[in-house]
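For reference, the structure is listed below as structure tokens.
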Amino acid sequence: MGRAEERRARQRGGRRAAPRRSSGTPSNTGAAESTTVIGAPSAAVGGRAAARRAAKSAGKGAGSGGDGKGRIRRLFTWKKILGTFLGFCLLGIGAFIALYLYVDVPTDNAAARAAQRQSNVYKYSNGATLARDGTVNREIVDLSKVPKEVQYTFVAAENKSFYKDNGIDLKGTARGLLNTVMGKGAQGGSTITQQYVKNYYLSQEQTVSRKLREMVISLKVDRQMSKDEILAGYINTSYYGRGAYGIQAAAQAYYRVDAERLSVAQGAYLAALLQAPSQYDWQAASDTGKRLVTNRWNYVLDNMVEEGWLPKAERQDMTFPKPEEPKPAAGREGQKGYLIELANRQLEDQLMKEQGLTRSQAEAAVVDQGWTITLNIDKKKQAELEKAVKAQLTSKLDKKKRPVDADIQAGAVSVDPKTGKVVALYGGVDYFKHYTSNATRTDYQPASTFKPVILAAALEENAETRSGKPITANTIYDGTSKRQVVDSNGNKVGFAPENEDDEDYGPITVQTAMNKSVNSVFAQMGVDVGMKNVMDVAAKLGMDTSDEQAVPAQTLGTMGASPLQMAGVYATLDNHGKKVTPSILKKAEHNSRRVELPNPVGEEVVSREAADSVTSVLTGVVSDGTARKAVADNPKRDGQKVAGKTGTSDDNKSAWFTGYTPDLVTSVGLFGEDDKAPHPQVKMYGAGGEDRVNGGGFPAQIWAAYMFGVTDTDARFDLNTDQGAAVQPTWTPTPSQTPTTQEPTEEPTTQKPTETPTTQEPTETPTTEEPTEEPTTEPPTTAPTGEPTDDVTLDPVRPGEDQ
């Protein structure tokens, strides 16, 4: 039995064995065995006990130097974690109960808040008053005056659970609080009750304290008021754009009807409008804005069908209800309205970035809120720009003699390239007569004013021709009209653009191709550079390429752009590659608070050498290209150094000249827009008595009349380049049997770049003739014989390939 017990003790891992009972005097052997069986476990047990006592004593003496993992386990037990969580929950509930008891529903009312609204004051850069804007347009209407279906449009747009909730959206509010704390801005999610409380009782600021108050007041308002009363308050206090507060003012502003006569389709538009009033105003919206508000309108109606508030058949028959032209607003006559709109928009952009507001919230925080806004607009330059447009364009238009003259719209923006300040702006003949600002609209093609962007991309990317030669101002390309563009493998890409008037130029340098605005050259160059690279550089320079495809057709400047954007692009080139984002805002103050405005001049986005080389090339457009007559030979020019580019869309719906001196950049655009609603784009042939409106015509004439009266005559380009017309002669191969010559564009050594310009002939010498005094005016028609051709675009025609 003793041995069996011993084995069981060992199997139990050394547990203590039961002592054996003695039956008489044991033999020596038995005594020895007994001593071993009983003594060994006892010693083990005693050793373990001693070890435990030693460990415990050591733990007490060592303090934190004991078993760290064990202490962590003892500290973070599930009971303690659960207890801590419940404690925080109880603390939060207690705090909310205290807040609920402490915060009362304000006794404010709509009439009092309307009376508190103040006009915004807008000033020129010198402090002189430009305009005082902000007459409150509001009329409260009883909800019974609004058709029930129209009421549902607002619920469908903002808060489908409105009739079922208790006034707040806990998930949306929690997300909003978290985003506010983390600085991520507003993410939506508020109920109609919360938005009403914010409009009626609170402000638009995005702070934790304001959001908590909004939540508490919303809960109380939902208990104290009926859903109809809340909905009536919401639609009567919301801002709809065009200075309209409330649904009655909005119905009149957009559809010239009272609220009680609104259709469901019209109501859905007004409901959709609340998300971004100015951006979604159909008469001033960009193509993107129109697409977004149309999608929002469809979303509202689809929600109504889903909720059973609108028959599906009736919904399918609805068409988008385009609103009427806006009515004149006091203080916005002439150019003032265009200036105010841009100032408001840029201030809203900053508040959205700084405070995390939505567009709707930002507009409500700016319009009629008593701001004092100082613009960068120079009063003298503004007057000179308006004078130049009148003298060079509008005074020459006669819609009675030529109906097309009624369809001509002009826009212009002038920017200081060193500071990014918008110093002058022309948005149209009159804000009351043409609501859309031609200075900021982006629905017309910039045409050939995009060509400098292609060259900038080539220089920035150190791009090469198909034969592996670097693309520079002296690189030779084939200027044949309708020439098929080929990729790096020699495959046709399915694009063969026509040059203006279908002229063939044969082999010409990039410099001359820019001077003559040769489409076929820049189409091939764009593919050589890589269209993705071209579009990336365009975006860096300030163009909106987000919805554009990187295809060869973009080399013709087919994406939309505004004079404001193009002025920024060329200002960046003028500023040696440092990004310029044109800003009309100088100061924005509200009571004692002043908004911190970003610096319009940013980091370098293209290298100085690339930017300066493009500038150098663009001086040739003025002295020996499409802008020569209107700009270089202009009698008002007093030695100003000029770089620039003309642009004319192939269907003559737009014409541009964007140019700059060392101290000022101005972009002028002319746009064909049907004078009759819905104002589609139209061609400008015959306008002003001209066969075709070219960039070198009215746009360049307006530019010169304005710029040569306000720019520094002694300013010089400080160029870090050894290529282009500003630092060396323009050498052009002349495709004719009898060699002819090209004159240098501008004095090749009068410009003093940072690095001494090269005086040697171009690396790729197109001709052997010396330049003469007279330029070659006859376009080349045949390829020269014996001329070096470094670009493989001039390779002999391959078998089966057309050239």
FRET efficiency (residue 501, residue 325; Cβ distance; R0 41 Å; to 0.05) is 0.60
Other residues with Cβ under 15 Å from the Cβ of residue 232 give, with Lys and Arg +1 and Asp and Glu -1, a net charge of -3
Checking rank on 457-466, 350-359, with mean other Cβ inside 10 Å and highest first, the result is 457-466, 350-359
So for region 317-371, using the alpha carbon gyration tensor with a ≥ b ≥ c as root eigenvalues (a/c under 1.5 gives rounded; past that, a/b versus b/c decides prolate or oblate), I'd call it oblate
Note on region 449-558: contact order normalised by length, alpha-carbon pairs under 8 Å, 6 or more apart, percent, works out to 33 percent
Between residue 128 and residue 298, the two model label points (7 Å from Cα along the beta-carbon direction) sit apart by a distance in nm of 5.0 nm
Place a point 7 Å from the Cα of residue 291 in the direction of its beta carbon; the residues of region 434-461 whose amide N falls under 20 Å from it are 440-447
If 396, 381 are placed from fewest to most neighbouring beta carbons inside 10 Å, the sequence is 396, 381
From fewest to most C-beta neighbours within 10 Å, the residues 154, 495 line up as 495, 154
Simple SL model, points at 7 angstrom along Cα→Cβ for residue 603 and residue 372; separation in nm is 3.7 nm
For the pair residue 228 and residue 312, the simple spin-label estimate (label points 7 Å beyond Cα toward Cβ) gives in nm 3.1 nm
Ranked from fewest to most other Cβ atoms within 10 Å of their own Cβ, 448, 467 fall in the order 467, 448
Taking r as the C-beta separation of residue 596 and residue 432 and R0 as 30 Å, the FRET efficiency to the nearest 0.05 is 0.30
For residue 198, counting only lysines whose alpha-carbon sits under 17 Å away and dropping same-chain residues fewer than eight positions off, the answer is 211, 220, 227
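Read-outs throughout are calculated quantities, based only on the coordinates presented, and are distinct from any laboratory measurement. Remember, it's a predicted structure, so these values are computed and weren't measured experimentally. All Cβ positions, even for glycine, are placed from backbone atoms using ideal geometry, and neighbour counts span all protein chains on display.
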